[in-house]
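The values are calculated or read from the model by the stated rules, or taken from the named source; none is laboratory data. Quick caveat, the model's predicted, so the values are computed rather than measured. So basically every Cβ, Gly included, is an ideal-geometry build from the backbone, and we count neighbours across all protein chains shown.
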């Protein structure tokens, strides 16, 4: 008796399509998640398209027009060197978003590897988790400052510092989810059938940790933007005169009562970025976790 494999594949593709449509409906039902997604997309578009909307460069100095308020020529005003603040905020957004995303992605990859292998091998668990405990004991900003002080202030080193700071929390979350999966019956059956450790970890355990993994990645992205801004504000992040939201705030600190726009606009964009990513993370948590999803309950 021959099995119609084309028919089975067709049914499987239809089921996947229906599942995707249901997930998309649930996502659209969560208004906060939609708002967060829109904010993040608009900020990314702003950072990409913004430089083409102004004739000024982020490093162009015009001492005769220093500390000018917002106007038709300078939408966000000028800074204490006469540089166009709109151009600097746009280019600073590129730096802050790229650094934040790079740190979040690197943190997610390393945290996934550490968390999965720690959950599967007890010896590695004792060693790696004690290292993570040691790193978590230090305040994030102090540890990041110490690392950038050793490596030097530049965007690449900021990414490394933020990654080292945030990996322990990501590893612990992945490990917790993987430990639950490891105790499932089908994992024991796979071991009994002689499946390799690599296959069990990456083919069967890793996909079942994606839900908390993705949610935590959005939060790490938001926290990375805050950390990068804090490091740049303290002079340990992106070095001047290259713009980032953090060092623009530092420049505005000395003239906050005379040129309020130098602190207002970068603060608004940092707030929007963090707010959008947190709303997106909450939406993904509700979407991917059926036990905590308010949207699922309302749809039922």
Are there helices (runs of 4 or more DSSP H) fully within segment 84-203 with at least 1 residues that are over 24 Å from residue 221 (Cα atoms)? List them.
85-120, 122-136, 155-182, 185-192
Just one of the numbered conditions (1) within 18 Å of the chain's Cα centre (by Cα); (2) surrounded by fewer than 23 Cβ atoms within 10 Å (Cβ to Cβ) is not true of residue 103; which one?
(2)
Residues in segment 49-57: is at least one in contact (Cβ under 8 Å) with a residue 40 or more places away in the chain, under 30 Å from the mean Cα position of the chain (by Cα) and part of a helix (DSSP H, G or I)?
yes
Can you tell me which residues in segment 228-258 are surrounded by fewer than 17 Cβ atoms within 10 Å (Cβ to Cβ) and free of Cβ contacts under 8 Å to residues at least 24 places away in the same chain?
240, 253, 256, 257
All conditions in (1) part of a helix (DSSP H, G or I); (2) in contact with a helix residue (DSSP H, G or I) (Cβ under 8 Å, 6 or more places away or on another chain) are true of residue 242 except (1)
Is it the case, given these coordinates, that residue 249 is modelled with pLDDT of 90 or more and part of a helix (DSSP H, G or I)?
yes
Identify all residues within segment 219-234 that are more than 14 Å from residue 163 (Cα to Cα) and either part of a helix (DSSP H, G or I) or in contact with a strand residue (DSSP E or B) (Cβ under 9 Å, 6 or more places away or on another chain) (or both); write none if there are none.
229, 230, 232, 233
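Have a look at 203, 220, 215 and point out the one that is closer than 20 Å to residue 111 by Cα and surrounded by fewer than 20 Cβ atoms within 10 Å (Cβ to Cβ). Let's see the steps before the verdict.
Working: 220 fails: surrounded by fewer than 20 Cβ atoms within 10 Å (Cβ to Cβ); 215 fails: surrounded by fewer than 20 Cβ atoms within 10 Å (Cβ to Cβ).
Criteria check complete, one pass: 203.
If I ask for residues that are closer than 27 Å to residue 116 by Cα, surrounded by 15 or more Cβ atoms within 10 Å (Cβ to Cβ) and over 19 Å from the mean Cα position of the chain (by Cα), which ones from segment 144-177 would you list?
Taking segment 144-177 and keeping what is closer than 27 Å to residue 116 by Cα, we get 144, 147, 156-177.
Restricting the remaining residues to those that are surrounded by 15 or more Cβ atoms within 10 Å (Cβ to Cβ) gives 144, 147, 157-175, 177.
Matches in segment 144-177: 147, 175, 177.
Looking only at segment 259-277, which residues are over 24 Å from residue 38 (Cβ atoms) and touching a residue at least 60 places away in the same chain (Cβ under 8 Å)? Reasoning before the result, please.
Our first condition is that a residue be over 24 Å from residue 38 (Cβ atoms); within segment 259-277, this holds for 259-263.
Selection gives 259, 261, 262.
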Take the residues in segment 24-67 that are modelled with pLDDT of 90 or more and out of contact with any helix residue (DSSP H, G or I) (no Cβ under 7 Å at 6 or more places or on another chain), then tell me which one is surrounded by the fewest Cβ atoms within 10 Å (Cβ to Cβ).
45
Residue check for residue 20: modelled with pLDDT under 85 and surrounded by fewer than 11 Cβ atoms within 10 Å (Cβ to Cβ)
yes
Output for segment 204-235, where each listed residue is modelled with pLDDT of 85 or more, closer than 30 Å to residue 61 by Cβ and more than 20 Å from the chain's Cα centre (by Cα):
234
